[in-house]
1. Just to be sure I follow: if Rg is taken over the C-alpha atoms of the range 63-150 and Rh is the Kirkwood radius over the same atoms, what is Rg/Rh?
2. Assuming a ≥ b ≥ c are the square roots of the Cα gyration tensor eigenvalues, decide whether the range 2-208 counts as rounded (a/c under 1.5), prolate (otherwise, with a/b larger than b/c) or oblate.
3. Pairs of alpha-carbon atoms within less than 8 angstrom and 6+ residues apart define the contacts here; what relative contact order does the chain have, in percent?
4. Determine, for 32, 77, the number of other Cβ atoms within 10 Å of each Cβ, and report the residues in order from fewest to most.
5. Can you sort 69, 205, 150 so the residue with the fewest Cβ neighbours within 10 Å comes first?
6. Relative to the first principal axis of the alpha-carbon coordinates of the chain, what is the inclination of helix 210-235, with its axis defined by its Cα atoms, in degrees from 0 to 90 and to the nearest 10?
7. Test of understanding: ordering 188, 78, 208, 44 by Cβ neighbours within 10 Å, fewest first, what list do you get?
Amino acid sequence: MIIEKEKIKMKKGVLIVGLPGIGLIGRVVGRYLSDELKGKKVADLFSPHFPHQVFMTKKGGLRLINNRFYFIKGKKYDILVLTGDIQAMSTVGQYEVAAAIVDYAKRVGVDLIITVGGYSTGKVNENRKIFGVATSKSLLNKFKKLQVVFGEARGSIVGAAGLLPAIGRLHGVQGICLMGETHGGYVDVTAAKNIVNLLSGYLGFNIDIKKLEEKAKESEKVLKKIEEEVQRSMIAPYEPGKKGVSYIR
């Protein structure tokens, strides 16, 4: 169920979906946008398809696992950001939650759904691409001009990142899924930063990405150390005169 804290009506409304997924790219983007653009929480989404547990708060309280909608009044577009703790844990749950999100989004004036996810390549590239799939040719062409790569990504998109644009299309709402190229085994802040930059250019909002850049630099340093350790652990067993295997620490 979606509990509205405030009724809104959007003009040229865009829903940006940043939920946990590969590399946690969507969640990093969703939280950063809602925080830095001073998004106002307008609704909470609860579902029996989320895990049957609650979070204990620092002040001794508790809260249900949920997803949250934040409203940002923009100059060019009104933006609704959906982020949160988790996605539905079953196939039925994914479809039911996605249908409820699309219904709410359309009711408040959303014309375009942009979902954010990760595309795992199993390796680390300095210049990460942003892959995309869209529900219309016109949308595809618009994002192609922004260097989004279409047609190279293969396989299927699991979860909300794929379902929401697809279900939105059935209800007359355009949609696109943006996937940051990532290793897939860690929180990829660099890929998230690239998507934030892309969205700010397309949607016409100004955002300070210094915090994300700092986090990205830190994560890149950690990654390089991990890669070096992995290389050493792979080479060590074959080096003459060495006994045992080295481990990543």
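Read-outs: derived from the displayed coordinates by stated rules, not from any lab. Here the structure is a predicted model, which means the values were calculated and not measured. Methodologically, a virtual Cβ is constructed for each residue, glycine included, from the backbone with ideal geometry; neighbour enumeration extends over all protein chains shown.
1. Working: Rg = 15.7 Å, Rh = 15.8 Å.
Computed over Cα atoms, the ratio is 1.00.
2. rounded
3. Averaging sequence separation for qualifying contacts and normalising by length gives 22 percent for the chain.
4. On the way: 32 23, 77 19.
Fewest-to-most Cβ neighbours within 10 Å comes out as 77, 32.
5. Ranking 69, 205, 150 by Cβ neighbours within 10 Å, fewest first, gives 150, 205, 69.
6. Helix 210-235 sits at roughly 40 degrees to that axis.
7. Ranking 188, 78, 208, 44 by Cβ neighbours within 10 Å, fewest first, gives 208, 44, 78, 188.
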